[in-house]
Amino acid sequence: MSRLKLIGSNILTALVTAAATSAFWVVAFNNGPAGGGAETRRAAAARADANASAGQPEVFLGTTGLAIPVAGVKAADLIDTYKQARAGGARVHDAIDIMAPHGRAVVAAAPGKVEKLFFSKGGGGVTAYVRSPDGRYLFYYAHLQDYAPGLKEGQLVRQGDRIGTVGSSGNANPAGPHLHFAIHRMQPGEKWYDGVAVNPYPLLVGR
Ligand SMILES: [Zn+2]
């Protein structure tokens, strides 16, 4: 477990085998070219400070370099709910739920571009879809209470940047606020509502 502010330029790429798909999972971190380490550390520290100044706990990294997308939540706190039944057993979850209080910061697990901000009253509620720089992965953040101020489609986010806050919008139980977090593998030309789900749990916890 590393603190976000300790990310250095030595972490440019993380390779993780996604057991569910027997394929390689590649996350290209926007930490800049070699020599940009000082700037990267300043940027990460600034984001950590921004979270702290807003009364938010620090952001932790999972074992493979993805940030755990809810401030203050560590890998050991996560539960693998990926295969839980949903909709009365009609489908499986294909995501993990990260329990946290209303208003806790939701941050980008990995860098990317905000592709779609979407409201689904009977589903994910206030949601954000962020595409990885290589276009191959889509990160989905749902049941938000609200978006980070000024967040808009087309915006580039760095790992750890604020997406919004934990809530219970959509079909979540108000008594159990959480972030519904999914990762989709994308083929060229696929839209924000396409893709094939990959279990985030082993990518965050390493097992
Ligand atoms: Zn969920």
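Only the coordinates and a few stated rules stand behind these numbers; no lab work does. This one's a predicted model, so the numbers in the text were calculated from it and none came from an experiment.
Can you list residues whose amide H is under 5 Å from G72's amide H, if they're 5+ apart or on another chain and H is modeled 1.01 Å from N?
So G72 has HN proximity to E58, V59, F60.
Q155 to A76: extension gain in nm, 0.36 nm per residue of separation minus the Cα-Cα distance?
25.3 nm
Setting aside same-chain residues fewer than 8 positions from K113, which lysines have a Cα under 22 Å from its Cα?
Of all the lysines, those that pass the test against K113 - Cα under 22 Å, at least 8 places apart if same chain - are K5, K152, K191.
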